[in-house]
């Protein structure tokens, strides 16, 4: 924060200003937070979150850490920050859309209002957000949102059975959003388009894992970190471009769910 303030005095910059504002919100909100720490995580939580819940969250995260590390054949170099919020604090600090249930912007941010232990749903959310931390570092921050969200959903255990028919229909009617349009931030999407984006991204990730396996996904993430674009990375790792990837995903959904 001191460096950003100094930079702003020398040469004001809108991006630095946004980062500084966010850091100041975090500092103010977390000034009285408690802390917990394990080998791979540094956790902070407000006083209304039970200490037992914080310990349970850390145990759950360590368990998921080993699983995701094994599946992606990768281990982040530094401990991962985790923040537990009451519901209102989460909304106030992250300023995320109402449809966002948790967030990973470099730290895992999870609302836990009313919980005293890790439920099955919270465990899935933690694994989802943890996957983002792995993928972000493995790809050096270059992973597109569709691939991030698709893999995170697959890792937490989501599958495409309930949405396969809707996705196939949208593709056949040529109203499906192309993957290229889902590379950037989704934070400005209304709820329904966001739900579609999540479903379509999950379907593509599910197809890739089912057809090519996790080792090819691992190679794809490595290529994303080094290639000029995600589509170029897909050509290198999977031998297909976006149009072919979309088409093959639809074929997979028909075979797996619509026969």
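The values are calculated or read from the model by the stated rules, or taken from the named source; none is laboratory data. Everything numeric here is computed off the predicted structure, so don't read it as measured data. As a convention, Cβ positions derive from the backbone with ideal geometry for all residues, glycine included, and neighbour counts pool all protein chains shown.
Points worth noting:
- Matching residues, region 82-103, being modelled with pLDDT of 80 or more and within 18 Å of residue 130 (Cβ to Cβ): 82, 83, 84, 85, 100, 101, 102, 103
- Among (1) in a helix (DSSP H, G or I); (2) under 21 Å from the mean Cα position of the chain (by Cα); (3) more than 18 Å from residue 143 (Cβ to Cβ), the one test that residue 188 misses: (1)
- Within region 157-180, considering residues that are buried (at least 19 other Cβ atoms within 10 Å of the Cβ) and free of Cβ contacts under 8 Å to residues at least 60 places away in the same chain, the one farthest from the chain's Cα centre (by Cα): 163
- Residue match in region 46-64 (condition: at pLDDT 90 or above, touching a helix residue (DSSP H, G or I) at 6+ places or on another chain (Cβ under 8 Å) and either over 26 Å from residue 186 (Cα atoms) or assigned by TED's automatic domain parsing to the domain that holds residue 220 (or both)): yes
Residue by residue, here is whether (1) in contact with a helix residue (DSSP H, G or I) (Cβ under 8 Å, 6 or more places away or on another chain); (2) in the same structural domain as residue 246 (by TED's automatic domain parsing); (3) over 23 Å from residue 188 (Cβ atoms) holds:
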site: 103; (1), (2), (3): yes, no, no
site: 112; (1), (2), (3): yes, no, yes
site: 118; (1), (2), (3): yes, no, yes
site: 130; (1), (2), (3): yes, no, yes
site: 161; (1), (2), (3): yes, yes, yes
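- Taking region 52-70 as the range and being within 23 Å of residue 114 (Cβ to Cβ) and in contact (Cβ under 8 Å) with a residue 60 or more places away in the chain as the test, the residues that pass are 52, 53, 56, 57, 60, 61, 64.
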